[in-house]
1. Ignoring everything except DSSP H segments at least 4 long, calculate the 222 nm mean residue ellipticity for the chain; use -39,500 (n - 2.57) per segment, divide by total residues, nearest 500.
2. GNM, the chain, Cα, under 10 Å: largest mean-square fluctuation among 158, 120, 18?
3. Sorted by packing (mean other beta-carbon atoms within 10 Å per residue), highest first, where do 41-50, 91-100 land?
4. Rounded to the nearest 5, what % of DSSP beta bridges with both residues in segment 11-167 are antiparallel?
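Only the coordinates and a few stated rules stand behind these numbers; no lab work does. All figures in this text were calculated on a predicted structure; none of them were measured in a lab. No Cβ is skipped: glycine too gets one built from the backbone with ideal geometry, and neighbour counts run over all protein chains shown.
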């Protein structure tokens, strides 16, 4: 399954970066660097239209405590973002459990959210999906959730509450 191109024939992609709290001292430079990285990466793309770069600089590991990740998930749910590009899957979630929960949430949105990473050891590209990564990731996430569905429901509720708080800002 591939992302549906927008009116320009391009997939709406957003960059996501999660930096440690120590980057707070160099916040402006970090934001400028990563924003420029994604702008340059997609400037001449015939496949993608960059719609934003979401950058969390925080010591908080949990998704529900990262405002830019919450904003990104919300924008995915609203159709503003169709593909998330992160340098590493570690930016998306700090552990396998939360990564699986995020994958399940994103893939079940109904609007075909795609994931790209540049991990050296295991690059994720659900658009090209050469190794059926999307299906494998969704299966892994679903199997983990099936072990403790109440945990996933509580996690999901906290993420949705976080997104709702953003909407009030």
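1. After summing the helix terms and dividing by residue count, I get -14500 deg cm²/dmol.
2. Residue with maximal mean-square fluctuation among 158, 120, 18: 120.
3. Output ranking for 41-50, 91-100: 91-100, 41-50.
4. In segment 11-167, DSSP labels about 5 percent of beta bridges as antiparallel.
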